Structure formats: C-alpha cells, structure tokens
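> Dumping the structure here so I can ask a few things about it.
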Amino acid sequence: MIRKLNESLVLLTYKEKILLMIRNYIINSGLKKTWCMIGGEKESNESCEKTIIRKIKEEMNIKINDVKLLLVASSENKDTYFYHGKLTDNNVNFIERAEGQELQFFDLKELGKLQLAASANLFFTKNKNIVEELLTN
C-alpha cells in the first residue's frame, strides 16, 4: 500500500492582499518565477495545523497561532489541507526572508497575471468566492 501524503498550505492575508512566496529562484536561469502558498508536508506525529504554524515560523520567522481550516482537497495519493491566517502589522514588520526566497503581497487582479504553482492555481481557481470574502473581512 502506498502511503498517502498530507500537505498543508496557508492563505495568508493582510489588508486585502495575499502573501505568496518563491523558493530558491535562480536569477538568469531562464525559468519563470512560480509563486506558491506557504506550507509543506506534515511530519510524523504532527497535526496539519501544527505543520502550518511550523512552516510559517521556518519560512518567515514569525509566529501565528490562529489559523483556520478552509478545506481539504483529496487525490489518490495526497490530501492537501488549506488554511487561512490573517497577518497583523506586527507580523508583517518582522518577516524575515531567507536567501533565494521572495515574498510578496498581491491583490486578486495581480493574482491572475502570475505563474502559480499547481496547488495554488487550483485553490484560487476553484475557491475565488472564498478568497474574495476573506480579503474583504
């Protein structure tokens, strides 16, 4: 039996914008920048929610305790848990970027012009209404 992967991704919002990330982009590589949601695979004995909190800390060196599960997308070999977290002014002021990493905020119009990772593209395409509601609240 093949072990099913569990991945957690987070939609981080701040002042009607979405925070996306590029990992390990190499300048002059000829590759397009691909934007993704922050997240990763669950470690053993870790909840999907704890995965998100850990990945936010690892990727940006900030702590967010309040993330809410939006939905779970299942495929034959993977379950992807999508969460939402609101960033505060304090969070944004203390974000640290790792070398080779790019973090940027986008509004919905800009999102449509980006090269997105497959999981992010699927999420934003299928859940546009949810995203719009989260950005305005």
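The values are calculated or read from the model by the stated rules, or taken from the named source; none is laboratory data. As the structure is a prediction and not an experimental result, all values here were calculated from the model. Neighbour counts run over all protein chains shown; Cβ positions are idealised from the backbone, glycine included.
> Considering only residues of region 65-87 that are more than 16 Å from the chain's Cα centre (by Cα) and not charged (D, E, K, R), which is farthest from Glu132 (Cα to Cα)?
Going through the qualifying residues, I end up with Asn77.
> Quick test of your reading of the structure: Ile18 fulfils all but one of (1) modelled with pLDDT of 95 or more; (2) exposed (fewer than 14 other Cβ atoms within 10 Å of the Cβ); (3) under 19 Å from Leu111 (Cβ atoms); (4) not polar (S, T, N, Q). Name the failing condition by number.
Here Ile18 clears every test but (2).
> Name every residue in region 31-49 that is among the hydrophobic types (A, V, I, L, M, F, W, C) and under 20 Å from Lys86 (Cβ atoms), in order of residue number.
Trp35, Cys36, Met37, Ile38, Cys48
> Which residue pairs have Cβ atoms closer than 9 Å, lie 6 or more positions apart in sequence or on different chains, and pair a first residue in region 76-89 that is farther than 15 Å from Gly39 by Cβ and hydroxyl-bearing (Ser, Thr, Tyr) with a second residue that is surrounded by fewer than 20 Cβ atoms within 10 Å (Cβ to Cβ) and at pLDDT 95 or above?
Thr88/Tyr14
> Tell me, which residue of region 102-114 that is touching a residue at least 24 places away in the same chain (Cβ under 8 Å) and surrounded by 13 or more Cβ atoms within 10 Å (Cβ to Cβ) is nearest to Tyr14 (Cα to Cα)?
Phe105
> So how many residues does region 71-106 have that are closer than 18 Å to Gly40 by Cβ, among the acidic types (Asp, Glu) and not in a loop (DSSP other than H, G, I, E, B)?
2
> Here is a follow-up. In region 116-131, what residues are surrounded by 12 or more Cβ atoms within 10 Å (Cβ to Cβ) and either within 14 Å of Cys36 (Cα to Cα) or among the hydroxyl-bearing types (Ser, Thr, Tyr) (or both)?
Correct list: Leu116, Ala117, Ser119, Ala120, Asn121, Leu122, Phe123, Phe124.
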